[in-house]
Amino acid sequence: MSGDDYIYDETTGEWRPAGEIATAAPAAREVRDAAGNLLADGDSVTLIKDLKVKGANQTLKQGTVIRSIRLTADPEEIDCRHDSIKGLVLRTEFVRKR
């Protein structure tokens, strides 16, 4: 890259030199379950307590296995799908890695 390259930094809302952005790369986020295990995209988790699902008039029981989770921008939430509930977001404090 030449010294004239600039990249828009969405975090600060400023145009910054490309070399400055490359050196200031954000640290990898760590997402941990209730037991402190590191979670990654595609992991399977188990619920550690019964959870009432808002808007679905359904309760997910303790021990329910959720497969193929996806991490979100918030390290305390994971995006997942259940057979009967699409677009389910769970708090990491209620799950344990399988």
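Just so you know, all these numbers are worked out from the coordinates, no wet-lab data involved. Quick caveat: nothing in here was measured; it's all calculated off a predicted structure. All Cβ positions, even for glycine, are placed from backbone atoms using ideal geometry, and neighbour counts span all protein chains on display.
Divide by every residue of the chain the summed helix terms, -39500 (n - 2.57) for each DSSP H run of at least 4, and state the resulting mean residue ellipticity at 222 nm, rounded to the nearest 500 deg cm²/dmol. If you can, show how the numbers build up before the last one.
On the way: 1 runs with 6 residues, N = 98.
Rounded to the nearest 500, it is -1500 deg cm²/dmol.
Here is the list for segment 40-98: GluC sites (Glu not before Pro) lying in DSSP coil, each with at most 13 other C-beta atoms within 10 angstrom of its C-beta, are Glu76.
Each residue of segment 78-91 was assigned a 3J(HN,Hα) from its phi angle through the Karplus curve 6.51 cos²θ - 1.76 cosθ + 1.60 (θ = phi - 60°); the sequence is 10, 9, 8, 10, 10, 3, 9, 10, 9, x, 7, 10, 10, 7 Hz, with glycine and proline shown as x. Label separation (Lys86 vs Thr64): 1.7 nm, computed from points 7 Å beyond Cα along the C-beta direction. Working note: Karplus 6.51/-1.76/1.60 with θ = phi - 60° gives segment 8-17 the couplings 6, 8, 5, 5, 9, x, 10, 8, 10, x Hz, where Gly and Pro are set to x. The relative contact order of the chain, computed from alpha carbon pairs under 8 Å that lie at least 6 residues apart in sequence, is 24 percent. If you model the chain as an ellipsoid using its alpha carbon gyration tensor, with each semi-axis the square root of five times an eigenvalue, the axes come out at 37, 14, 10 Å, biggest first.
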